[in-house]
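The values are calculated or read from the model by the stated rules, or taken from the named source; none is laboratory data. Keep in mind it's a predicted model, so treat the numbers as computed, not measured. Because the Cβ atoms are built from the backbone with ideal geometry, glycine has one as well, and the counts that use them run over all protein chains shown.
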Amino acid sequence: MSDLANAAIADALDELGDLYELDGAVIHRVLAYHKAAKTIRDAPVSVAALARAGTLTTLPGIGATLAAKIHDLLERGEIPAATKLRERYPTGLLAITALPGLGPKRARRLFDELGVDSPAALRAAADAQQIRSLKGFGAKGEAAILVALAAGGAERPRRRVVLDRALGAAERIVAALREIEPQAQIELAGSVRRRADSVKDLDIVVDNATLLDALGGLESIETASKASASAARGRTHTGMTVELRAVTPDQFGNLLQHLTGSNAHNAALRERAVRTGLHLSEYGVLDDATGVTHHCASEAEVYALAGLAYIPAELRENRGELEAAAAGTLPKLIELSDLRGDLHAHTTASDGHGSIEEMALAARAQGLDYLAITDHSATHGFGDDVSPDQLRRQIELVHEADARIGGIRLLAGSEVNILPDGSPDYEDSLLAELDWVIASVHTSFGLGREEMTERMCRATSHPLIDAIGHPTGRLIERRLPYELDMDALIAACAATGTMLEINSNPDRRDLNEIHARAAAAAGAGILVNSDAHSTERLLGLRYGVWTARRAWLTAADVANTLPWTALAAQSKRARSGT
Ligand SMILES: [Zn+2]
Ligand SMILES: [Zn+2]
């Protein structure tokens, strides 16, 4: 059996799904192939190795039929069903299906009705204005096709990986290396260590060079090779590059500091040091005056030589941290253990997977003292909305669970929608029955900057809206924030006492670190909430805390580090007496 990479197996299944769709197969069959491709692309272990062991069906969504096709691919180098379909449809047609906005169904219509069978034929048809007359395309669709073709068509740019997936891969590697050499120092470096939103590749520093040879043997590594006596490079089954660097223990701090970056931080640090006659590199700190190179076992020694306090990795972006470290004014950053409560969580009443009780117990197990149950409101629009009557019932259920479950305070809340005119989608009388209301935008993202800003600022002026959830709607690497004047929203929040959320969902982290820092500076209240839709997602609070740390926030800057009674006493409801 051949040893195909996970990505290659996933590509073959995606192609087969596209071919089936071109062929008019029922949609759930098509989706099964794309879902399986995604499972395989994200699998942390070698899928070819699973096939050899006969355990492919342990992967979610891989049944006997799919397993047989993967076996065919590994044994014969092809999937017969794909080969047969490929004979029926020209390869150029598959290239067209990959164009943004097209897909197999529309590609098939271009093929059937205009004979378009390649990107070149597609361009010719668009240039001749033949596409606009097809039903469902129009002049707009034709123009979009020309734009897609001009943008280089089917080539997908290599994306950065969102932190939680990158960190998961990195932590698996570190754990496996630690098992091999329990005594070794093994540290993550690079943007993973700085807890950036997304990551290009993984950097790991070790103080034991024998680990370089071990990299290729790890379960999560697809291929690896030694680049030099002190470096190895590999690739995970999910396609991330891993750089493993070895250094002697006395220089560990120098290399770790160097590889943690950021580039901007390191450049500014080197410049600062040069002014005092010091040359910083990954190997040591050279003193011009004496000609001596200092080796540093820890990063703190590197910073101390440069006359600076230790700078936490999350701050190393050259946003004023060097100046603060020199002046001794670095903030004492918030920690996960500072959070006392979570004011945004979902249950099965809307689109969550846990019951009130399950979410409560999970929050209590994490050491939280209070949890607001904030299911989606009446117009959420995905079929998981909560009608006013259901919300009244939910309030009773939350209060009942609160009385029954000890060790955690449960608050009856809602995540209401901010309608395009800025109003919430429940009556005020119903909102007044709740302990807590967070308001978010889930519809009409394309309003335009002025209207969107007006919409959200109006929401902050509502006396019963306590906080704004995921304020920009961004999804990291997937969806841009909507157009919004964030300075105006921050000012409105500060003026009305409405709090702004740092949503901890690793795909959101919204507010981002820049806006969170500006909000704190403007005196707006800030929350770090999980927006958990399942008990496991409560663990995601650490991503929000990391964003808060990257925003220079202390525990005092984040309102839900307070006990609920203290937070409630200073909330806008308490102040306005509503
Ligand atoms: Zn939401
Ligand atoms: Zn939510």
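Among the residues of segment 491-538, what is the count of those that are assigned to a helix (DSSP H, G or I) and away from ligand 2 (no atom under 16 Å from the Cβ)?
Residues that pass the stated criteria total 15.
Across segment 61-114, which residue is farthest from Ala151 (Cα to Cα) among those that are of a type in the set (Val, Ile, Thr) and surrounded by 15 or more Cβ atoms within 10 Å (Cβ to Cβ)?
By that ranking, first place goes to Ile62.
For Ser444, state whether it is farther than 18 Å from Asp342 by Cβ, among the small types (Gly, Ala, Ser), within 16 Å of ligand 1 (Cβ to nearest atom) and within 24 Å of the chain's Cα centre (by Cα).
Spelling it out, Ser444 is indeed farther than 18 Å from Asp342 by Cβ, among the small types (Gly, Ala, Ser), within 16 Å of ligand 1 (Cβ to nearest atom) and within 24 Å of the chain's Cα centre (by Cα).
Please specify each residue of segment 446-494 satisfying the condition of being out of contact with any strand residue (DSSP E or B) (no Cβ under 8 Å at 6 or more places or on another chain) and of a type in the set (Asp, Glu).
Listed by number, the residues that qualify are Glu450, Glu451, Glu454, Glu483, Asp485, Asp487.
Which of the residues spanning segment 454-501 are among the small types (Gly, Ala, Ser), crowded, with 21+ Cβ neighbours inside 10 Å and in contact with an Asp or Glu (Cβ under 8 Å, 6 or more places away or on another chain)?
Of everything in segment 454-501, those that are among the small types (Gly, Ala, Ser), crowded, with 21+ Cβ neighbours inside 10 Å and in contact with an Asp or Glu (Cβ under 8 Å, 6 or more places away or on another chain) turn out to be Ala467, Gly469.
Just one of Tyr283, Tyr310, Tyr303 is in contact with a helix residue (DSSP H, G or I) (Cβ under 8 Å, 6 or more places away or on another chain), in a helix (DSSP H, G or I) and among the aromatic types (Phe, Trp, Tyr); which is it?
Every option except Tyr303 fails the conditions.
Listed here are the residues, each with its yes/no results for (1) in contact with a strand residue (DSSP E or B) (Cβ under 8 Å, 6 or more places away or on another chain); (2) of a type in the set (Lys, Arg); (3) within 23 Å of Leu94 (Cβ to Cβ).
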| residue | (1), (2), (3) |
| --- | --- |
| Asp11 | no, no, yes |
| Gly17 | no, no, yes |
| Asp23 | no, no, yes |
| Ile27 | no, no, yes |
| His34 | no, no, yes |
| Thr39 | no, no, yes |
| Ala43 | no, no, no |
| Arg52 | no, yes, no |
| Gly63 | no, no, no |
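Give the residue, chosen from Arg474, Arg509, that is in contact (Cβ under 8 Å) with a residue 24 or more places away in the chain, closer than 25 Å to Leu339 by Cβ and touching a helix residue (DSSP H, G or I) at 6+ places or on another chain (Cβ under 8 Å).
Arg509
Exactly one condition in (1) more than 16 Å from ligand 1 (Cβ to nearest atom); (2) in the same structural domain as Arg509 (by TED's automatic domain parsing) is false for Glu282; which is it?
(2)
Filter segment 342-363 down to the residues that are part of a helix (DSSP H, G or I) and crowded, with 24+ Cβ neighbours inside 10 Å, then identify the one that is farthest from ligand 1 (Cβ to nearest atom).
The qualifying residue farthest from ligand 1 (Cβ to nearest atom) is Ala360.
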